[in-house]
Ligand code: PLP
């Protein structure tokens, strides 16, 4: 088959066709079939956007019902699903009296957070972190650390000029409060915000400690900078609480970030993003300062609402919160010499692979595919699983077995 898409992804030569109906009594498929009928365990899940698995009937019905009732509405108009989703998000995010911007993708709500931080503070520098990933539009890639994503478009503070755009992003070390404080001092009075992923995802699944997040809160308050949490990958229930912030820090609004944004799992597989900010900050986003044709689309909002309702009804957030410990138990029972560490939080799981090359996980990709395990690989050394939240012992054992067989053949 000729691939007529832009060559922006390394092709896997799989044409996915359909979900395999679950045979374990649960709803939402964890296994999928390709066009040739081969069955795969899907630990990739559209890169973390299927908390309910594929084809959950409750979600499908909600989307269908809303599609038939009302399909789209301009941002100047309210719709019932929009009102309800905004209310849910404000109630579930520890930011007191939050206000919400609705978008369609992660990078879009990250851009909204950047605009809000610059506008609300009148300052011009944002501190991001080494290894961070925040998306691929021009504002977001300025915060994304890997130069491979930023070249040839954006340069940041301290980097050679001459790119298409120069954005005032300074980079600190994740987990190192001194490195943040040094930048706050260097750019005193100019730092609008410190933005971070409470669990770095693309970097290879590195959770922040409570000490680090509390320390950032204190530093930001002291220097008049805002604190922003990108929960696109780690939020929406993935870690056992609605936000990863809450799982790590707790639910005290005094310790919450000022801005927190969601996408990926929020829509159960349907495109949606949402940025929640303190009301006094959101008030700076005056008429015309931001917008999106599809942002807050009633069908997407209905998908988000149904996803949250189903997660509540089926105890899925609680079950997501247990995945890492279950897998660590399996790994302890059946260790593999090439697995250095199984880390993460809840159902955000990174498996660190040891040798034989510098990028062993990258070489694993095709072997995992041969074992019929769909899985992403981060940073060359980490296998990342972002499974549906209901995945329990049986699925994790199956995935571990497939990984082990692929690792046995790693040369
Ligand atoms: N931020 C984080 C933490 C992400 O993991 C991602 C995507 O992987 C993004 C932002 C970008 O989201 P999207 O691909 O929906 O634009």
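Just so it is clear, none of the values below were taken in a lab; they were calculated from the coordinates. A quick note: this is a predicted structure, and the numbers were derived from the prediction, not measured. Note that we place each Cβ from the backbone using ideal geometry, even for glycine, and neighbour counts take in every protein chain shown.
Quick notes
- Backbone N within segment 371-411 under 18 Å of label point (7 Å from residue 359 Cα along the Cβ vector): 375-384, 410-411
- Segment 14-76, relative contact order in percent, only Cα pairs under 8 angstrom and at least six apart counted: 26
- Estimated FRET transfer efficiency when R0 is 35 angstrom, pair residue 286-residue 4 (beta carbons, to 0.05): 0.25
- FRET efficiency, residue 393 to residue 38 (Cβ-Cβ, R0 22 Å, nearest 0.05): 0.35
- Note on the chain: GNM, Cα springs under 10 Å; of 145, 96, 74, the largest mean-square fluctuation is that of 74.
- The length gained on full extension between residue 340 and residue 23, counted as 0.36 nm times the residue separation minus their Cα-Cα distance, comes to 110.8 nm.
- For segment 259-337 and segment 354-411, distance of Cα centres in Å: 24
- For segment 193-304: relative contact order, % (alpha-carbon pairs under 8 angstrom, 6 or more apart): 22
- The chain: relative contact order in percent, alpha carbon pairs under 8 Å with at least 6 residues between: 21
- Extending 7 Å from the Cα toward the beta-carbon at both residue 176 and residue 60 defines two label points whose distance is 5.0 nm.
- Residue with peak Gaussian network fluctuation, the chain [Cα springs, cutoff 10 Å], from 399, 225, 72: 72
- Dimensions of the chain based on its C-alpha atoms, expressed as ranges along the principal axes with the largest first, amount to 56, 54, 46 Å.
- Theoretical FRET efficiency, 1/(1+(r/R0)^6), r = Cβ-Cβ of residue 410 and residue 322, R0 41 Å, to 0.05: 0.90
- Label-point gap, in nm, between residue 72 and residue 47 - each point 7 angstrom along Cα→Cβ: 2.5
- DSSP-defined antiparallel bridges as percent of all bridges, segment 61-313, nearest 5: 45
- Taking 358, 24, 258 as the candidate residues, the one with maximal mean-square fluctuation in a Gaussian network model of the chain, Cα springs under 10 Å, is 24.
- By other beta-carbon atoms within 10 Å, ranking 294, 206, 133 with the fewest at the front produces 294, 206, 133.
- Against the rule of thumb 2.2 N^0.38 Å, how large the Cα Rg of segment 217-326 comes out: 1.18
- Expressed as a fraction of 2.2 N^0.38 Å, the C-alpha radius of gyration for segment 90-200 is 1.07.
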